[in-house]
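The values are calculated or read from the model by the stated rules, or taken from the named source; none is laboratory data. Note that the coordinates shown come from a computational prediction; the quantities given were computed from them, not determined experimentally. Neighbour counts run over all protein chains shown; Cβ positions are idealised from the backbone, glycine included. Quick note on the areas: whole protein, heavy atoms, side chains included, nothing else; ligands and nucleic acids left out. Shrake-Rupley method; radii C 1.70, N 1.55, O 1.52, S 1.80 Å.
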Amino acid sequence: MPKQTDLFFDLVEQLRVGNPDDGNISRRLNELIALSELMATLNTARELDEMLDILLLTMMGQHPCSKAGIFVREDKGWRLGISKGFRGKGLVADQLPAPDDLADLPPVLHVDEAADGPLEPLFESFRFERVITARNEEKLVGLIFLGKSLLGKLSEDKTTLLKMFADFGGVIMGNRLYRVDLEKVNRQLQRRVFQLNTLYEITGAFARCFEPDDVYQILANNIMGNFFISRCAVLTDYRQPSPAFVKGLARDTTIDGGLDEASLADWPRQVLKRDQLPCPKMKTFMSANKLAYGVPIFSEDVYLGVLLLGSRLDRKPLSDADREFMVSLSQQAAVALENVRLQAEVLEKKRMERELQLAREIQQRLLPKAIPALDGYQIDAEMRPYNHVGGDFYDFFQHKNGCLSFCLADVSGKSLPASMIMSTAQASLRALTSFDGMSPHQVIEKLNLHLFQSTQSNKFVTLFFGFLDPEDHTLEYINAGHNRPIMVCSEQKVQLLHKGGMMVGMFPNAKYEVGTVPFEKGSLLLVYTDGLSEVADEEGEELGDDRLVDLVKRYQKEDDVGFGRRQIVKAAMDFSKGEMVDDLTLLLIRRNT
């Protein structure tokens with residue numbers, strides 16, 4: 001308590017040693033009684049307003065006046081605690097400057113000293129005579145305004161007594177202020193603890209989400225429940241006029257013309273009121289649907305959406321802590337949405353891998369299970385798909401007369417779509433070659449028409465179809481837009497088999513020319529796809545036909561055609577450092593006897 005409260009003890013001492021004939025004894029005794037009664041009465045009062053009423057009445061008893069009032073400090077402003085003698089226009093706390101601006105006020109300020117000061121307007125408006133400050137530990141906690149004394153000028157002793165009353169009032173108001181501050185801090189702490197628990201719980205709930213709607217539902221329920229909000233909408237894709245999620249709104253709610261992507265990119269990472277939003281169309285949408293706030297949903301710097309919220313049903317404004325909490329929840333939602341997306345990608349990848357693995361198994365089953373045996377010849381083949389499944393295939397068809405038909409083909413495109421066309425082409429070719437007596441050009445022309453009718457116009461197949469007669473050692477063939485096979489004879493003479501026609505499946509009435517070459521003893525035939533010839537080195541130079549010719553020449557005299565096949569593939573992979581550009585398929589046939 002301030003030092004002037006020691007005057008109470010001075011007053012007692014003066015009464016003890018004073019002269020009984022002193023005329024001030026009676027007055028001093030009355031002051032002591034008034035002070036004692038004030039202390040006793042204040043101790044019995046329970047509510048602040050009751051205490052302030054007692055304090056003001058006591059001070060008006062010592063300073064008779066027609067009007068008075070007490071302002072109590074609250075947080076950053078003032079509150080009118082009690083007033084007496086006002087009719088019509090009353091005291092208003094807004095008329096007072098901020099407490100910090102009045103920190104240097106003297107203990108008692110008379111109207112004559114208030115000129116040009118911060119309280120001059122209040123003195124003039126209500127004709128106060130003086131204001132007495134109430135302090136608690138030097139902190140200004142209250143202002144006691146008193147009207148003009150009805151008994152004339154106050155004595156110094158009376159002024160001192162009023163200051164003592166104000167000191168007691170300062171203790172009361174200070175304790176109340178501290179208690180209010182403590183309660184406020186406790187409420188804020190409890191709110192923070194509740195919000196942290198909510199964040200903890202919502203993180204676990206988000207972890208169990210498998211769809212974006214689940215994330216939006218949890219986010220909306222928590223924010224709407226915490227802040228007493230009855231409606232919301234989530235906008236995610238600026239190109240879509242309809243919200244991704246709504247609650248408390250019609251499901252067919254739309255934004256006229258969609259949103260502006262650039263304006264969304266400029267959205268700050270904070271809660272904005274409707275009139276602060278950077279997107280005019282969103283403002284219009286919010287006004288039409290009675291939405292008041294926008295909470296951005298960002299993952300790092302990537303816009304994922306915005307949660308639009310209605311006004312609070314309790315009409316309270318959002319505090320800074322409330323806004324921070326909303327942003328924290330939206331950030332957790334952003335993480336959950338990213339996890340949902342990544343989880344969906346993982347599941348989709350696994351599904352595709354299962355489908356591709358199944359397609360690969362099907363494709364492998366469609367390839368010949370064994371290389372056919374043909375008297376006097378060695379045959380070997382290999383296919384390496386660029387992806388799990390490929391568009392290349394090779395196949396053999398043995399006829400009753402001992403002849404052998406074979407095919408190597410390359411379907412346009414890669415992966416699963418190409419493999420589907422490959423399966424169609426292979427099945428059709430097997431069906432056509434099963435008819436004895438059908439010539440090579442008839443087989444390919446019918447295959448061409450079937451593929452034209454059953455596939456898209458931009459899909460086609462290049463293939464080499466051969467018919468080998470082991471009796472007279474002749475090879476009839478059709479090259480349908482395919483890489484030219486390389487045949488190297490025993491004298492290292494090279495032939496490139498080019499006769500045939502255009503690729504299969506492009507035009508319905510395509511015609512094909514049949515080429516015929518002798519298959520001499522010691523000759524080696526390489527049939528391949530562009531996945532072999534187009535592998536490239538680090539400078540981008542392709543392996544090319546000339547290098548393939550040299551490789552066929554090198555292994556033409558090799559008795560083991562399988563060894564030659566492995567060496568050719570190895571040379572190609574060494575050339576490209578193991579990098580493939582397409583499905584790689586080759587077929588080798590060597591006449592030994």
field: Residues with amide H under 5 Å from that of GLY501, placed H, sequence gap 5 or more
entry: ASN479, ALA480, GLY481, GLU513
query: Once both axes come from the Cα atoms, what is the angle between helix 48-62 and the longest principal axis of the chain, in degrees from 0 to 90, rounded to 10?
result: 30 degrees
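With every protein chain present, what is the per residue accessible area of the chain (1.4 Å probe, Å²)? Before the final figure, lay out the partial values.
Details: 30460 Å² over 593 residues.
For the chain, the solvent-accessible area averages 51 Å² per residue.
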field: Built amide H within the under 5 Å cut-off of GLY305, gap 5+
entry: ILE297
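Which of the chymotrypsin sites (Phe, Trp or Tyr not before Pro) found in the range 401-496 are in a DSSP loop and have at most 10 neighbouring Cβ atoms, other than their own, within 10 Å?
Details: sites: PHE406, PHE435, PHE452, PHE460, PHE464, PHE465, PHE467, TYR477; in loops: PHE435, PHE460.
Here the sparse-neighbourhood loop sites are PHE435.
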- prompt: Which of PRO417, PRO508, ASN289 sits farthest toward the positive end of the charge dipole of the chain, with +1 on the Cβ of Lys and Arg and -1 on the Cβ of Asp and Glu?
  reply: ASN289
task: Highest first, please rank the peptides 158-170, 312-324 by the mean number of other Cβ atoms sitting within 10 Å of their residues.
output: 158-170, 312-324
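State, as an integer percentage, the relative contact order of the range 55-112 based on alpha-carbon contacts under 8 Å between residues 6 or more apart. Please list the in-between numbers first.
Details: 49 pairs, mean separation 14.3, N = 58.
RCO, the range 55-112: 25 percent.
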- prompt: So for the range 420-577, what are the equivalent ellipsoid semi-axes in whole Å, largest first, each being the square root of 5 times an eigenvalue of the Cα gyration tensor?
  reply: 29, 21, 13
query: Counting every Cα pair in the range 208-343, what percent are over 26 Å apart?
result: 14 percent
- prompt: With the dipole of the range 208-343 worked out from charges on the C-beta (+1 for Lys and Arg, -1 for Asp and Glu) around the Cα centre, which of SER299, LEU272, GLY225 lies farthest toward the positive end?
  reply: GLY225
task: Please report the base-10 log of the normalised intensity I(q)/I(0) for the chain, using a Debye sum with one equal scatterer per alpha carbon and no solvent, at each q in 0.05, 0.06, 0.09, 0.11 (1/Å).
output: -0.53, -0.62, -0.89, -1.00
- prompt: Where does each of ARG384, ARG484, ARG73, ARG79 land when they are ordered by accessible area, with a 1.4 Å probe and the largest first?
  reply: ARG484, ARG384, ARG79, ARG73
- line: Between the modelled labels at GLU201 and SER328 (7 Å from Cα along Cα→Cβ) the distance in nm is 1.5 nm
field: Pairwise centroid distance, computed over Cα atoms, of the range 430-461 with the range 321-352, Å
entry: 52 Å
- request: Take the solvent-accessible surface of the protein heavy atoms, probe 1.4 Å, and return the percent of it on the range 367-591 that carbon and sulfur atoms account for.
  value: 48 percent
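Just to make sure I understand: if all protein chains stay in place, what is the order of ARG365, ARG191 by accessible area at 1.4 Å, largest first? Can you show the working numbers first?
Values: ARG365 140, ARG191 75 Å².
Reading off the accessible areas and sorting them downward yields ARG365, ARG191.
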field: ³J(HN,Hα) computed for each position of the range 364-375 - Karplus, 6.51 cos²θ - 1.76 cosθ + 1.60, integer Hz, glycine/proline x
entry: 5, 6, 6, 6, x, 6, 8, 6, x, 8, 9, 4
- prompt: If amide H atoms are built 1.01 Å from N in the plane of the peptide, which residues on other chains or at least 5 residues away come under 5 Å of the amide H of ALA134?
  reply: VAL141, GLY142, LEU143, ILE144
- line: Projecting the Cα atoms of SER66, SER434, GLN364 onto the charge dipole of the chain, where Lys and Arg contribute +1 and Asp and Glu -1 at Cβ, the residue farthest towards the positive end is SER66
- request: Give the relative contact order (percent, whole number) for the chain; include only Cα pairs under 8 Å separated by 6+ residues.
  value: 8 percent
- prompt: Given the C-alpha centroids of the range 473-520 and the range 536-561, what is the distance between them in whole angstrom?
  reply: 19 Å
field: Residue-by-residue Karplus 3J(HN,Hα) for the range 205-221, coefficients 6.51, -1.76, 1.60, Hz, glycine and proline x
entry: 5, 4, 5, 9, 7, 10, 9, x, 4, 5, 5, 4, 5, 5, 4, 5, 4
message: Can you compute the modelled spin-label distance between VAL494 and THR284, with each label point 7 Å from Cα toward Cβ, in nm?
response: 7.1 nm
message: Which three extents, in angstrom, do the Cα atoms of the range 520-593 have along their principal axes, listed largest first?
response: 42, 19, 18
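With the Cα gyration tensor of the range 70-147 giving a ≥ b ≥ c as the square roots of its eigenvalues, does the rule (a/c under 1.5 for rounded; else a/b larger than b/c for prolate; else oblate) give rounded, prolate or oblate?
Working: a/c = 1.59, a/b = 1.18, b/c = 1.35.
Judged from the Cα gyration tensor, the range 70-147 comes out oblate (a/c at least 1.5, b/c at or above a/b).
Taking the Cα centre as origin and putting +1 on Lys and Arg beta-carbons and -1 on Asp and Glu beta-carbons, what dipole magnitude results for the chain, to the nearest 20 debye?
Values: 70 positive and 85 negative charges, 404 e Å.
The dipole of the chain has a size of about 1940 debye.
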- line: Taking the chain and counting helices only, DSSP H stretches of n ≥ 4 at -39,500 (n - 2.57) each over all residues, the nearest-500 ellipticity at 222 nm comes to -14000 deg cm²/dmol
query: Got a sec to turn the phi values of the range 581-593 into Karplus ³J(HN,Hα) couplings, 6.51 cos²θ - 1.76 cosθ + 1.60 with θ = phi - 60°, whole Hz, x for Gly and Pro?
result: 10, 6, 4, 10, 9, 8, 9, 10, 10, 10, 8, 8, 10
field: Within the range 175-195, backbone nitrogen closer than 11 Å to the virtual label 7 Å beyond the Cα of ARG46 toward Cβ
entry: none
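Round to a whole number: what % of the accessible area of the range 208-343 belongs to carbon and sulfur, probe 1.4 Å?
Numbers: 3250 of 6920 Å².
Carbon and sulfur together cover 47 percent of it.
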